[in-house]
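The values are calculated or read from the model by the stated rules, or taken from the named source; none is laboratory data. Here the structure is a predicted model, which means the values were calculated and not measured. Please note: Cβ atoms are built from the backbone with ideal geometry, for glycine as well, and neighbour counts cover all protein chains shown. Note: accessible area is taken over every heavy atom of the protein model, side chains too, but ligands, DNA and RNA are not part of it. Shrake-Rupley method; radii C 1.70, N 1.55, O 1.52, S 1.80 Å.
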Amino acid sequence: MALVNENFLKLKQNYLFAEVAKRADAFKAAHPDKKVISLGIGDVTRPLPQACIEAMHKAVDDMSRPETFKGYGPYRGYDFLCDEIAKNDYKARGVDISTEEIFVSDGAKSDTGNIGDIFSKDNIVAITDPVYPVYMDTNIMEGREIKIIPCGEQSNFAPIPPDFHADLIYLCSPNNPTGSVIKKDLMKAWVDYAIKNEAIILFDAAYERFITEDDVPHSIFEIEGAKSCAIEFRSFSKTAGFTGTRCGYTVVPKGLMAKTADGQKTDLNAMWYRRQSTKYNGTSYIIQRGAAAVYTEEGQKQINESISYYLENARIIREGLSAAGIECSGGINAPYIWVKCPDGMTSWEMFDKLLNETAVVGTPGSGFGEMGEGYFRLTSFGSREDTIEAVERIKNNF
Ligand code: PLP
């Protein structure tokens, strides 16, 4: 009989969202007259920018004519998209990233999950807690030793470089679930740590577009030396509403090196190219045309409108909860508000109280790691009306 990868059996069952849905459904069944509002969703709700829609319609027409039809695309992504990424997301911020360093994909979940393919199982991995679960689960699947970097109140939920050694470090700023950020000085400390430890930082910037403060780097490559120790992941999901459309990209700098067990240096850009060209056949032409339209004047205007809408929701939640005497953070450079459960409640006690007394659904922080216990995540992806109503209900109840 075939043998399974037993590492899969070590994964914790992720009951979080299933349990949230189960309790919310039971409440709805018992109180059919009450309107339940979800501030738990981690998915966008506003439609795609019109500029992207128009570009995709045009791309569909391209597929209908022999002279413009596209079959398999370049493994790295079309130049029309990579050039826009290099110019707008990097050169415009003073960062020199070339088209050959960009790999277009179907999103940051795949890339953050797949990047482990090019690294040895013998690496020690550092992962923050609380955390976006993909980093943790994919490393458990691959059987690596994992060390935890606790991100608590003392550091405003930001990760501080540890005094232990790690070979691979996952960082996420702006952060899901805490909405915290890694500011410039701290990012520099991480780059110094990585260089000293000959480690690679796997930097997830999926929420980059939500940054509003000046001292928060949009890319780790804004920090000197980062091109010798970091890989960056970006996504059009939260930037431009592509969660269902699927497009993201990863930057692996040319000359970024790791070594073989016998000390031979190996180029990671070439390895990632080899990995992608073997296991991935490219993001569809139509979707890449849609993503490229994000960088047009109209596209920029339209995505800014959506991001502002979500950030205004975040402000309403943050200020409303604070007015009710509930401690919270995040929501300034991120769509997530990290709420401290009042009166020493656990995350699930808070969930039940909110649901039963206000018919508002959020996400228990304990679902994102042990350090999340006693916290609660609210998101700003709902409608304005629902957000205002939910906050009013909470204010009246606490
Ligand atoms: N990274 C983080 C931190 C996320 O929170 C998410 C989605 O929620 C992703 C990556 C996944 O992004 P994508 O939709 O591009 O796969």
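What the table shows:
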item: Using θ = phi - 60° and Karplus 6.51 cos²θ - 1.76 cosθ + 1.60, couplings along region 352-364 (whole Hz; Gly, Pro as x); result: 5, 5, 4, 5, 6, 9, 10, 6, 10, 10, x, 10, x
item: Per residue value of the accessible surface for region 51-296 (all protein chains in place, 1.4 Å probe), Å²; result: 41 Å²
item: Stokes-Einstein diffusion coefficient of region 175-332, Kirkwood radius over Cα pairs, 25 °C, 0.890 mPa s, in µm²/s; result: 136 µm²/s
item: Whole-number accessible area per residue in Å² for region 1-47, which is evaluated in the context of all protein chains at 1.4 Å; result: 79 Å²
item: Vicinal HN-Hα couplings computed from phi for region 120-132 (Karplus, 6.51 cos²θ - 1.76 cosθ + 1.60; Hz; Gly/Pro x); result: 5, 5, 8, 6, 8, 10, 9, 10, 6, 9, x, 8, 5
item: Percentage relative contact order, the chain, counting C-alpha pairs under 8 Å, at least six apart; result: 23 percent
item: Those GluC sites (Glu not before Pro) in region 198-241 that DSSP places in a loop and that have at most 14 other beta carbons within 10 Å; result: E198, E213, E224
item: Mean projected area (nm²) of the alpha-carbon convex hull when region 198-251 is viewed from all directions; result: 4.0 nm²
item: Intensity falloff of region 219-273 expressed as log10 I(q)/I(0), Debye formula with alpha-carbon point scatterers, at q = 0.17 Å⁻¹; result: -0.65
item: DSSP bridge orientation in region 51-296 - percent antiparallel, rounded to nearest 5; result: 40 percent
item: Accessible-area composition of the chain, carbon plus sulfur, in percent [1.4 Å probe]; result: 52 percent
item: Convex hull volume per residue for the chain, taking Cα atoms only, in Å³; result: 171 Å³
item: C-alpha long axis of helix 384-397 to longest principal axis of the chain, angle in °; result: 40 degrees
item: Candidate residues K188, K87: accessible-area rank, largest first, probe 1.4 Å; result: K87, K188
item: Among K265, K184, K353: highest mean-square fluctuation, GNM of the chain, C-alpha pairs under 10 Å; result: K265
item: T283 accessible area, assembled protein chains, probe 1.4 Å, Å²; result: 10 Å²
item: GluC sites (Glu not before Pro) within region 1-107: DSSP coil, no more than 13 neighbouring Cβ in 10 Å; result: E67
item: Accessible-area ranking of S110, S228, S105, largest first, probe 1.4 Å; result: S228, S110, S105
